[in-house]
Structures are given as C-alpha cells and as structure tokens.
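No value in this document is a laboratory result; all are computed from the given coordinates. All values reported here derive from a predicted model rather than from experimental measurement. FYI the Cβ positions are ideal-geometry reconstructions off the backbone, even for glycines, and counts take in every protein chain you see.
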Amino acid sequence: MILDSPHNQHVKFFRELREAKGRAEHGAFLAEGARLIGEALAAEWPIVAAAVSETPALAAMEIARALQGGKWPCLELTARAFRSLSDEQSPQGVAIAASIGRARLDEIAAAPGDVLAVAWELRDPGNMGTLVRTAEFLGCKALVAVGDCVDLFEPKVVRATAGAIFRLPLAEVKPDEFWAWAEAQSVTVAATVSEGGSPPEQMSAEGPVAVVIGSEAHGLPEAVARRAQARITIPRGGQVESLNAGVAAGIVLYAAARQVNTKDKG
C-alpha cells in the first residue's frame, strides 16, 4: 500500500527525526539521498526503517530497490507524503532512519600514529559536517565533540558529512572528560589559534595527537589554548581575517597526520 497522508504515524516518525527531541526519543536519525544511503549500506550501518517515494529520482532508483529489498520495514510513499518528511529542498525520494551510534571516549585507545579531530563548542552544522568528512578522509581515529556543539546527527550535519558519519567514530563529552582522557592516553593536544602559534608544518608534537578546532565566532577559549601542549597558527598571506573552521581543520589535520605517521615510521 502506498501511503499518501503526511499525518500517517509512520510518516510522522521520519519527520520527528529532523528534531533533536525526536532523535533522542527514537534513538535514530534521518539520512536522505542516494549518496548518503549508499554509504550507510556499504558500511552495514544499522537501519531502523526506510522510506521510498513512488517516484524516486533516476539517480536514486538503485538505492530505492535496495531499500525495498532490505530486512527493515520500508514505507512506500506518494511524492506528497515523502516531501512532508524530507529535510531536502529537492528530495531524491529515498530516506532511512539510521540508528544513532556514539562512541565512548573512554573506550577509544589512542596509538602513537593516531590523529583525532576535536570540535570545541562548534555550532555551525556545515562546518561540523565538513570536519567529520575531512577527518574520515584523512584517516583520523575519531572525532570528539566537546562542550556545547551542534548535534552531530542533525540533518544538515549528516548531509555535510557526505557519508563519512557512517565510518568515523563520533564521541560527545564534557570538557573535563576530554582532558582526563587526553592525560590518561598521553595524547598531545594541539590547539588551533589565530596568532602566536607554530605553522602547521612545524608542529612539534608526538603522536597520538588531538587537533582542537574552536567555534566559528570566537575560536578556542584562551584557557583551552593555554592548557594544550602545542599551539598552531595557519600563516595568513592575504587580507581575509580568518578561515572557515572546516577549512582550517583540514589544513592542520593533514599536517598532523603527516607528522605523526612519519615519526611512527621512524
């Protein structure tokens, strides 16, 4: 049966996943589109349920068939019903309710060649998603969200990860929990600061390394920068005052990965 009503309880279940309250209640998050869902399927991520429009986009036809043939409940929806649950401007007609999977920081054992991305009170969904994507691309051990960060499973964050959210361990902790873990694991904390730090290529840090990125508006709190074992500043050659947080993170994470892997190999 093809469901048409946006008020159907099953359709409302998917729509509720767009909000933090719904995600907390159901323990699941919304992922849409062929690319994201393809990554979830490839990673064998636990899927609670799926939804497929009766008129999916051509690029999503193969994913639609895979969802319809999966071991999870799959709703068949009219275009109207699907649009009511979608968070996309141009929905492709495929969506999943994916189980929320958070890593426990105290279960992450950092080895000498490991680099971790740390988002400190990062609030912008696009920057957070880009950071997850960049960290996974560079082979980071995990991403740790510290303090009052944007919800890692908010739809805009999920979309910006381009599927990396299904492959990179994600942990959310309070500041004191992060510092206790870093000390117990002998992790070198490298703080990114706007001025006064070493260039990324001159980073003096033994692995494992945690690269800490601050908020878009205020950067890292000075107390965090003072407590870190290394301070990193990307040299400015132009007139623009600052870099996007996601871009800055990519530069520093790449430099950190090169350094610790070189040292790890002798």
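Quick look at the values:
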{"quantity": "Alpha-carbon Rg/Rh ratio, for region 105-264, with Rh computed the Kirkwood way", "calculated": "0.93"}
{"quantity": "Neighbourhood net charge (9 Å Cβ-Cβ; Lys/Arg +1, Asp/Glu -1) for Ile165", "calculated": "0"}
{"quantity": "Net +/- balance of residues flanking Ile63 in space, Cβ distance below 11 Å, scoring K and R +1, D and E -1", "calculated": "-1"}
{"quantity": "Label-point gap, in nm, between Gln9 and Arg83 - each point 7 angstrom along Cα→Cβ", "calculated": "2.7 nm"}
{"quantity": "Inter-site label distance for Lys156 and Ala103 at 7 Å from Cα along Cβ, in nm", "calculated": "2.6 nm"}
{"quantity": "Region 1-70 and region 217-262: distance between their alpha carbon centers, rounded to Å", "calculated": "37 Å"}
{"quantity": "Residue-averaged [θ]222 nm for the chain, counting only DSSP H segments that reach four residues, each worth -39500 (n - 2.57)", "calculated": "-10000 deg cm²/dmol"}
{"quantity": "Degrees, to the nearest 10: 245-264 long Cα axis against longest axis of the chain", "calculated": "60 degrees"}
{"quantity": "Loop-located GluC sites (Glu not before Pro) in region 15-50, at most 14 other Cβ atoms within 10 Å (DSSP)", "calculated": "Glu19, Glu44"}
{"quantity": "Additional length obtainable on full extension of the chain from Glu222 to Phe137, 0.36 nm per residue less Cα span", "calculated": "27.7 nm"}
{"quantity": "GluC sites (Glu not before Pro) lying in DSSP loop within region 59-126, provided at most 16 other Cβ fall within 10 Å", "calculated": "Glu88"}
{"quantity": "Longest DSSP-loop-exposure-free segment, trypsin sites (Lys or Arg not before Pro), the chain, at most 13 other Cβ within 10 Å", "calculated": "105-235"}
{"quantity": "Stretchable slack from Arg123 to Ser242, in nm (0.36 nm times residue separation minus alpha-carbon distance)", "calculated": "41.2 nm"}
{"quantity": "In region 162-266, the GluC sites (Glu not before Pro) that fall in loop regions by DSSP, at most 15 other Cβ within 10 Å", "calculated": "Glu195, Glu206, Glu241"}
{"quantity": "For region 34-145, share of DSSP beta bridges that run antiparallel, in % to the nearest 5", "calculated": "40 percent"}
{"quantity": "Relative compactness, region 2-99, computed as alpha-carbon Rg over 2.2 N^0.38 Å", "calculated": "0.95"}
{"quantity": "Principal-axis tilt of helix 175-184 within the chain, Cα atoms, nearest 10 degrees", "calculated": "60 degrees"}
